[in-house]
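Q: I'd like to ask you about the structure that follows.
Derivation of every value follows stated rules applied to the coordinates shown; laboratory data play no part. All values derive from a computational prediction rather than experimental measurement. Heads up, the Cβs are rebuilt from the backbone with ideal geometry, glycines too, and the neighbour counts pull from every protein chain shown.
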């Protein structure tokens, strides 16, 4: 009897682009992809922290380089992908939050969150897909969404709106680009201990609310997203597209 073989989680020979890669989830994603054998291009607006992150990955034996890019500048993103791609893997991790009561949301808050979390992600994902289609190559495009792309939360109307929209965008792109062998998925973490989440986690009332919602009883660590990122990037998920991988400790289970 022939024994089926587990598809490979290795990423040797593949070129990955990770946005928001200087810290937090983006840095962890870049490290995970490099550890799996990918050649990783790490981008963020500021080069100093980004270069330190890339140097750390390289010192550990990974292939990583740091290049400054503001993905909110759509023409710059288009030119960057055309010059540096094609990319076999994209991890869209750049994002921001403007938390506060919906009654207090300003147009500037709305525009900032939507501009980076949705608009920039939309057009960068499109450019990476365009490069893959032109090169007749398959690929895996991963948008870092959130459990808040599936539920609501206090003081998070704008953030939730951006992430719910990202989920719909991802499903539609998966439908369009599936015939080209391009998979598009979201990875949806719960609260992960990162600089972005630190202000919320320092509030004891908020911390208690968070831990009460997470069925596994703990806040996430950046290591918790590394395996899921490699899974979605690799051949191990070759029939997975247009879906959301919830890494939420059971938050959305009910």
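Q: Considering the chain as a Gaussian network with a 10 Å cut-off on Cα pairs, which listed residue, 135, 72, 31, attains the greatest mean-square fluctuation?
A: Sorting by GNM fluctuation, first place goes to 135.
Q: Equivalent ellipsoid semi-axes for segment 163-254, as square roots of 5 times the alpha carbon gyration tensor eigenvalues: give them largest first, rounded to whole Å.
A: They are 29, 14, 11 Å, listed largest first.
Q: Given a 10 angstrom Cα cut-off, can you work out which residue in 131, 100, 149 is the most mobile in a GNM of the chain?
A: 100
Q: Further, regarding this structure: Taking the Cβ-Cβ separation of residue 106 and residue 82 as r and a Förster radius of 45 Å, what is the calculated FRET efficiency to the nearest 0.05?
A: Efficiency computed from Cβ-Cβ geometry: 0.80.
Q: Continuing with the same structure: Across bins of 10 angstrom width beginning at 0, how are the C-alpha pair distances of segment 1-106 distributed, in whole percent?
A: 15, 41, 24, 12, 6, 1, 0
Q: Ok, one more. Tally the DSSP beta bridges in segment 15-247 and give the antiparallel ones as a percent, rounded to 5.
A: Approximately 0 percent, going by the DSSP bridge assignments.
Q: Something else about it: For residue 60 and residue 216, compute 0.36 nm times the residue count separating them, minus their Cα-Cα distance, and round to one decimal in nm.
A: Details: separation 156, 0.36 × 156 = 56.16 nm, distance 3.12 nm.
Computed gain between residue 60 and residue 216 is 53.0 nm.
Q: Further question: Calculate for the chain the 222 nm mean residue ellipticity that helices alone would give, adding -39,500 (n - 2.57) per DSSP H run of length 4 or more and normalising by residue count, nearest 500 deg cm²/dmol.
A: One gets -12500 deg cm²/dmol as the mean residue ellipticity at 222 nm.
Q: Related question: How much of the calculated P(r) for the chain lies past 22 Å, in percent of all Cα pairs? Could the numbers behind the result be given before it?
A: Numbers: 16961 of 32131 pairs.
For the chain, the share of Cα pairs beyond 22 Å comes to 53 percent.
Q: Among 187, 96, 118, which one moves the most in a GNM of the chain with springs linking Cα atoms closer than 10 Å?
A: Evaluated over the chain, the most mobile residue of the options is 96.
Q: Rg/Rh for segment 101-145: what does it come to with C-alpha atoms and Rh from Kirkwood?
A: Rg divided by Rh gives 1.21.
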